[in-house]
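See below for the structure under consideration.
The values are calculated or read from the model by the stated rules, or taken from the named source; none is laboratory data. Since the structure is predicted, the reported quantities are computational estimates derived from the model, not experimental observations. Positions of Cβ are backbone-derived with ideal geometry, glycine not excepted, and every protein chain shown enters the neighbour counts. Surface areas here come from the heavy atoms of the whole protein model, side chains and all, with no ligands, DNA or RNA. Shrake-Rupley method; radii C 1.70, N 1.55, O 1.52, S 1.80 Å.
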Amino acid sequence: GENVEQHPSTLSVQEGDSAVIKCTYSDSASNYFPWYKQELGKRPQLIIDIRSNVGEKKDQRIAVTLNKTAKHFSLHITETQPEDSAVYFCAASTAGYALNFGKGTSLLVTP
Amino acid sequence: ETGVTQSPTHLIKTRGQQVTLRCSSQSGHNTVSWYQQALGQGPQFIFQYYREEENGRGNFPPRFSGLQFPNYSSELNVNALELDDSALYLCASSMTGYEQYFGPGTRLTVT
């Protein structure tokens, strides 16, 4: 089955800096890669996603890049703010089926 | 804010008992997936329902079962509860299976 690895497990940045979280996946059939943000005690919130026919997608301060050859994808957050502090999960799936999640990255943005 | 709702919010059960968790999908969504999230981990796929049929299952034993109703709401049933079943149970609904939107979850504690 699909195996998704996520790094780093924790990330601390100063407000205004950029944050990058990286994931790798094992199943070459995976074609959908969403990112979720989960604040303490809250539901995972879909923040951005990318499909395999696209190499990069951007939404305001958030961008995701995908390298299908290397089987890795990354989340980039620019101009970080304290409210970006949360746990971020990457996931991979085939044709919108089961999401296989990474173990999460705890992001702390300090003022 | 997503329209996916779950009940109950919290539940405490004794080992060996049975539990039923409920999920109402977002309006127009015909696919519901269930995930188990242990503390400090990413969600793990239990199974998915599409138009009242099970559409695939993760690595969970048969004592985890489910249903989807004609209005696309869903239930997760767990029999013979074990201590390791203590977790946050999340359902996610989608139109196509790709963008999955999570409910707030049910926190199950097994003592």
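Step by step: first the residues of segment B:81-104, then only those that are in contact with a Pro (Cβ under 9 Å, 6 or more places away or on another chain), not charged (D, E, K, R) and not in a strand (DSSP E or B), then the one that is nearest to the other protein chains (Cβ to nearest Cβ). Which residue is that?
Checked segment B:81-104; the qualifying residue nearest to the other protein chains (Cβ to nearest Cβ) is B:Y98.
Quick check on my filter: what residues within segment A:26-40 are of a type outside the set (K, R) and within 13 Å of chain B (Cβ to nearest Cβ)? Don't jump to the end; show me each part of the working.
First pass over segment A:26-40, keeping only residues of a type outside the set (K, R): A:26-36, A:38-40.
The answer is A:S30, A:N31, A:Y32, A:F33, A:P34, A:W35, A:Y36, A:Q38, A:E39, A:L40.
Only one of these is facing chain A (nearest Cβ under 9 Å) and charged (D, E, K, R): B:R15, B:R51, B:R57. Name it.
B:R57
Kindly indicate the residue of segment B:39-54 that is within 14 Å of the chain's Cα centre (by Cα) and assigned to a strand (DSSP E or B) and also surrounded by the fewest Cβ atoms within 10 Å (Cβ to Cβ) among those meeting that condition. Before you say what the answer is, go through the steps one by one.
Quick first cut of segment B:39-54, residues within 14 Å of the chain's Cα centre (by Cα) only: B:43-50, B:54.
Cutting the leftovers down to assigned to a strand (DSSP E or B) gives us B:44-50, B:54.
Details: B:Q44: 19, B:F45: 24, B:I46: 22, B:F47: 20, B:Q48: 27, B:Y49: 26, B:Y50: 17, B:E54: 13.
My answer is B:E54.
For A:A91, work out the one condition from (1) farther than 27 Å from B:T5 by Cα; (2) open to solvent by less than 20 Å² (accessible area, probe 1.4 Å); (3) at the interface with another protein chain (Cβ under 10 Å from one of its Cβ atoms) it doesn't fulfil.
Of (1) farther than 27 Å from B:T5 by Cα; (2) open to solvent by less than 20 Å² (accessible area, probe 1.4 Å); (3) at the interface with another protein chain (Cβ under 10 Å from one of its Cβ atoms), only one is false for A:A91: (1).
Considering (1) at pLDDT 95 or above; (2) away from chain A (no Cβ under 14 Å); (3) surrounded by 13 or more Cβ atoms within 10 Å (Cβ to Cβ), say which one B:Y72 fails and leave the rest.
(1)
Please go through segment A:41-76 and pick out each residue that is within 12 Å of chain B (Cβ to nearest Cβ) and free of Cβ contacts under 8 Å to residues at least 12 places away in the same chain. Spell out the reasoning first.
Start the filter on segment A:41-76 by keeping residues that are within 12 Å of chain B (Cβ to nearest Cβ), which leaves A:41-52.
Of everything in segment A:41-76, those that are within 12 Å of chain B (Cβ to nearest Cβ) and free of Cβ contacts under 8 Å to residues at least 12 places away in the same chain turn out to be A:G41, A:K42, A:R43, A:Q45.
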